[in-house]
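In what follows, a structure is listed as structure tokens, so that the remarks can point back to it.
The values are calculated or read from the model by the stated rules, or taken from the named source; none is laboratory data. For clarity, every value in this text was computed on a predicted model and none was experimentally measured. Reconstructed Cβ throughout: ideal geometry from the backbone, glycine too, with neighbour counts over all protein chains shown. The area values use the complete protein model at the heavy-atom level, side chains included, leaving out ligands, DNA and RNA. Shrake-Rupley method; radii C 1.70, N 1.55, O 1.52, S 1.80 Å.
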Amino acid sequence: MASPSLPPSVPSQTAAAAARFARIPSSVSLKSTSSSFKIPHGQQQQGQLENLHLVSLSKQGKLKEARDFLKQMDEAGVLVNPHSYESLLEACGKMASLSDGRLIHRRLGNPSRYLENCVLKMYCACESFRDAEKLFDEMLEKDVASWGILISGYSQKGRLKEAFRLCTRMIELGIGLNSTVFTNLLKSLSDPSVLEIGEQFHSLVIRTGLSTNVSVITAISNMYVKCRQLQRAKLVFDQMVETNAVAWTGLMMGYTRAGKQKDAVALFIRMLKEGVEMDQFVFSITLKACSGLEYLNLGRQIHGYIVKLGLESDVSVGTPVVDLYIKCLCFDAARRAFKRISEPNDASWSAIITGYCQIGEFEKSLQIFRSLRLKDMAMNSFIYTSIIQACSALADYNMGAQAHADAIKRGLVSYVHGESAMITFYSKCGRLDYANQAFESIDEPDTVAWTAIICGHAYHGNASEALKLFRRMQSSTARPNEVTFIGVLTACSHSGLVTEAKLYLELMSREYGVDPTIDHYDCMVDAYARAGLLQEAYELVKNMPFEPDAMSWKCLLGGCWIHRNLELGEIAAENLLQLDPDDTAGYILMFNLYGSHGKWDEAARVRSVMGARKLKKELSCSWITVKGKVHRFVVGDKHHPRTDDIYRKLKELNCSVTDVESIHLTEEDVSFGLPERKQLLIEHSERLAIAFGLISVPNNVPIVIFKNLRACKHCHDFAKHVSMVTGHRITIRDSCRFHHFHLGKCSCDDYW
């Protein structure tokens, strides 16, 4: 569809005058004593340049200068033309300068009906309806435009009863209401609280015979949409003799906002069948509905149609295309669609950043964010929420704190998700104190916020505080959901609170109507297994109302390793490896369990299978931030600039490793390749990070380390030893939870 072209410019006398006026400085004076500007002979009557200057001042909002210039024009005998008065009155209305507006009104004397309407419009814009009504009543020749201005003025300011009163008065006087009056009125009805007035206007439309007017009946339909009366909107829509894209779009938008995406899609298909001409807004709304429904195939077809029409570079269409592909987990398609948008806006950037976070490319999302900040591009709250979530995943405290401060400065902390993301971010970065502050600053925490702070305490091992917060939540208006109970059950599991865990599992459906899932039962299995109640854990796995998954058997196997139960361990391992043959943790636990019972042939077979399957865990990595810089270490790392100092510190600590300990495998060993030497155990990544922290961080500053895999018992004991010998507080966040070490003890009480 070709874009409408602008008409060619036509030279005119006004344009020529404007060209001459461009040379007049804004400080020009018309006083006879001024030498900076003199009125040419013969121009005093017309005053074109002076009036152009007056219009310029009014358009720039320079009302004081305009007043002064008016005086000079009066003194010089230059007449002010109607167009200048119109511009001045418009400026007074825009700036709500009632005093200046009244001054202009007094100057007019006996104005034309057109200028009277301009004054009326100014009083309405300044919300001086007393002046507006007085002028309106004094007007000898009111036209439909005069009535429309006052009615629109009332409706735009939410004074709908006065607007309706005037409409009724028009009808009583036999003055015909035109479509413009009604459409302006109906646009102002945008809330369910004004439905009754909207119904009255609908009746007026029928009485005045405008029910066949396309623009009016479209406004009626959209009014019902805004008032959340979709059935009535649909009824009005279906009775329309003639429809336009605005009517279709309005109803589709209503369906989408009400969560009735299927109805919106059905309307789109009906549009196609009826051959209705479509615009960008129709495609945008339909794509949003497809995103909500994850209708990938239909979305692709619409995308193809958009490409055919040459609209994919339009940001209003391109952005929903990107969002659709991201919601449907087609990131490559989303990236290609994003590149075709000619001028991405904040919503476009937000969508692509969300996509990068979704596929785990958090560094890329931060890279885009930095670029946007550098270019001072427009941002929105969704961008900041995604960035905070990326920083949570990366445990990038510095970047996350900067983003939080920036969001606060710009007023872009999302109430719905942003505040909860902050709680999670600070919890995952080891700053539970800041997480508590962020939570307590929320006036009425919703379910997501309560869940975030409960889970934060659960993963820090603060079971008592997590359960205390849950009891507070029970007394609030927020209701716990599935994730909330995962946090509660995890807190119980990590602290040996088996009885409490059973109670909360039963409470879920009985008190809150939340049906337990396999994840909740796995938490319960974990609670039993950690506490040594292995038979109870096994019975639950066999009898729970779900088919056990790999995690069910892994939780049981973990308990069997802790409590050295080989018989149940073999059963758990067999089932685990049937469901997930490449789970390295299952092989490691069984190798260690056989080794602890002296069954070296069986242990050798397990290790042989691991080698044959070429099983390798994700590369183990630990990192620590010192003075804003992140230092990363892998097992046996010797690439750090201070490698010699780090290994010297490790040797100095002289924490011995027994022969029995060196036999056991850890996930870190498998990530590096199956070990043959004790040396690899001594060089695990978190030990290197701890040693670096000791030589880089002051004694009164805690050492905070993050690790991508679960910490092994040897390194856990090493951290306890270091905290006792050095007096340093050490915090380690592994893939499962936080461990806080101080004076030889860990916050987990060795229950992990």
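Structure notes:
- Amide H contacts of Val626 (H built 1.01 Å from N, under 5 Å, at least 5 apart or other chain): His631
- Under Karplus coefficients 6.51, -1.76 and 1.60, residue-wise ³J(HN,Hα) of region 538-554 in Hz, glycine/proline x: 5, 5, 5, 4, 6, 10, 5, x, 9, 6, x, 9, 4, 5, 4, 6, 5
- Our estimate of slack between Lys468 and Val276, defined as 0.36 nm per intervening residue step minus the Cα-Cα distance, is 63.2 nm.
- Applying 1/(1 + (r/R0)^6) with r as the Cβ-Cβ distance of Glu511 and Asn543 and R0 = 35 angstrom yields a FRET efficiency of 0.95.
- Whole-number accessible area per residue in Å² for the chain, which is evaluated in the context of all protein chains at 1.4 Å: 49
- Computed FRET value (nearest 0.05) for Val630 with Gln358, which takes r as the C-beta separation and R₀ as 30 Å: 0.80
- Fraction of accessible area attributable to carbon and sulfur, the chain (%, probe 1.4 Å): 51
- Working note: Karplus 6.51/-1.76/1.60 with θ = phi - 60° gives region 458-470 the couplings 4, 7, 8, x, 8, 4, 4, 5, 4, 6, 5, 5, 5 Hz, where Gly and Pro are set to x.
- Ordering Ser342, Ala407, Leu372 by the projection of their Cα atoms onto the charge dipole of region 294-430, which places +1 on the Cβ of Lys and Arg and -1 on the Cβ of Asp and Glu, puts Ser342 at the extreme positive end.
- Region 732-752 and region 251-305: distance between their alpha carbon centers, rounded to Å: 52
- Pairwise label distance in nanometres, Met139 with Tyr751, each label 7 Å out on the Cα-Cβ vector: 8.0
- With Cα atoms, 0 to 90° folded angle of helix 195-207 axis to the chain main axis: 40
- For Gly744, the residues whose modelled amide H falls within less than 5 Å of its own, excluding neighbours fewer than 5 places apart on the same chain, are Ser723, Met724.
- Proximity of backbone amide H atoms, modeled 1.01 Å from N, is registered between Phe738 and His460, Gly461 at under 5 Å, excluding neighbours fewer than 5 places apart on the same chain.
- Here region 539-617 is assigned +1 on the Cβ of each Lys and Arg and -1 on the Cβ of each Asp and Glu. Its dipole about the Cα centre then comes out at about 440 debye.
- Only Lys, Arg (+1) and Asp, Glu (-1) charged, at Cβ; the chain dipole about Cα centre in debye: 2140
- More than 43 Å apart - percent of Cα-Cα pairs taken over the chain: 51
- Each of Arg564 and Ile442 was given a label point 7 Å from its Cα along the Cα-to-Cβ line. The distance between the two points is 4.6 nm.
- Straightening the chain between Leu329 and Ser476 buys 49.3 nm, computed as 0.36 nm per residue apart minus the Cα-Cα spacing.
- Distance-filtered residues of region 350-373 - backbone nitrogen under 13 Å, label point 7 angstrom along Val315 Cα→Cβ: 350-351
- Lysines with Cα under 17 Å of Lys327, excluding same-chain neighbours fewer than 8 positions away: Lys262, Lys288
- The simple Förster model, with R0 at 41 Å and r as the Cβ-Cβ distance, assigns Ile571 and Val725 a FRET efficiency of 0.45.
- Bins of 10 Å from zero: percent of alpha-carbon pairs in region 558-656: 13, 32, 23, 24, 8, 0
- Per-residue ³J(HN,Hα) for region 110-127, Karplus 6.51 cos²θ - 1.76 cosθ + 1.60, θ = phi - 60°, Hz, x for Gly and Pro: 10, x, 6, 4, 4, 5, 4, 5, 5, 5, 4, 4, 5, 5, 5, 5, 7, 6
- Modelled label positions at Gln578 and Thr643, each set 7 Å beyond Cα in the direction of Cβ, lie 4.8 nm from each other.
- Dipole axis of region 539-617 (+1 Lys, Arg; -1 Asp, Glu on Cβ), positive-most option in Gly595, Gly559, Leu579: Gly595
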